[in-house]
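No value in this document is a laboratory result; all are computed from the given coordinates. Values in this document were obtained by computation on a predicted structure and should not be read as measured data. Cβ coordinates were reconstructed from backbone atoms using ideal geometry, including for glycine residues, and neighbour counts include every protein chain displayed.
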Ligand code: PEP
């Protein structure tokens with residue numbers, strides 16, 4: 001059975017102290033008001049806060065993820081952090097291939113495939129992001145782009161790797177812009193991705209992989225999006241920085 005998942009990507013926001021405060025607030029509303037155990041909750045703070053926040057969420061069921069990692073376990077890679085280090089700090093998940101990493105740090109499908117392998121080998125669950133730009137959508141080339149992101153990005157992985165793989169479809173034109181893909185537009189792409197997974201890994205795996213939607217998800221549109229057959233939750237940017245909004249999105253599953 002695939003899981004419903006709501007993951008918050010805090011990006012380069014919040015100092016350690018601010019991250020601790022937000023976590024305590026999220027933990028508080030979840031303890032007081034959570035009406036459903038229908039959704040897994042993941043928060044992805046700055047690397048500097050992972051160790052501390054992993055302790056703060058103990059016993060709450062909230063999982064902690066990183067936003068990126070290097071593909072080597074250690075070595076002369078100044079400024080980088082390995083998947084092994086993230087696990088040692090308490091992370092259970094890592095986001096790989098966010099469009100901001102693809103766009104600003106030139107990460108391509110081949111590199112992302114290496115990062116995924118390293119993350120899985122370290123024991124992390126991977127949230128792998130795919131999605132097209134506005135220009136790709138408008139020129140109707142987005143199907144090919146997404147297909148390449150899935151097939152090249154998942155190259156070399158086997159069925160058991162896919163048990164620790166979550167896909168996030170995030171149209172770049174909808175990230176942080178306030179423009180959301182309509183529920184039908186998102187569903188169409190999610191079904192396409194599930195079909196690609198079916199072709200590559202078989203029906204059982206395709207059915208079990210959670211596919212999240214990301215791109216301006218807010219409390220007032222989450223329910224409609226999450227109600228779609230192939231949308232299993234959301235990767236949330238801006239709205240995950242406010243405990244109440246993030247929680248109200250989680251409650252779309254209640
Ligand atoms: C994201 O960055 O993954 C994201 C979906 O951002 P936002 O919710 O702010 O559009």
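Miscellaneous remarks
- Extension gain, residue 15-residue 227: 0.36 nm per intervening residue step, less the Cα-Cα distance, totals 72.9 nm.
- Kirkwood estimate for region 1-63, i.e. one over the average of 1/r between Cα atoms, Å: 12.2
- Cα-Cα pairs of region 65-140 separated by more than 15 Å (percent): 54
- Cα-Cα separations in the chain greater than 25 Å, expressed as whole percent: 38
- Cut-off 11 Å, label 7 Å out along Cα→Cβ of residue 145, residues of region 164-208 by amide N: 170-174
- Normalising the average separation of contacting C-alpha pairs (under 8 angstrom, six or more residues apart) by the number of residues puts the relative contact order of region 4-250 at 20 percent.
- Projected onto their three principal axes, the Cα atoms of region 103-206 cover extents of 36, 33, 21 Å, largest first.
- Descending by average beta-carbon neighbour count within 10 Å, the peptides 60-72, 173-185 line up as 60-72, 173-185, the highest first.
- Förster radius 35 Å - calculated FRET efficiency between residue 220 and residue 76 (Cβ-Cβ, nearest 0.05): 0.15
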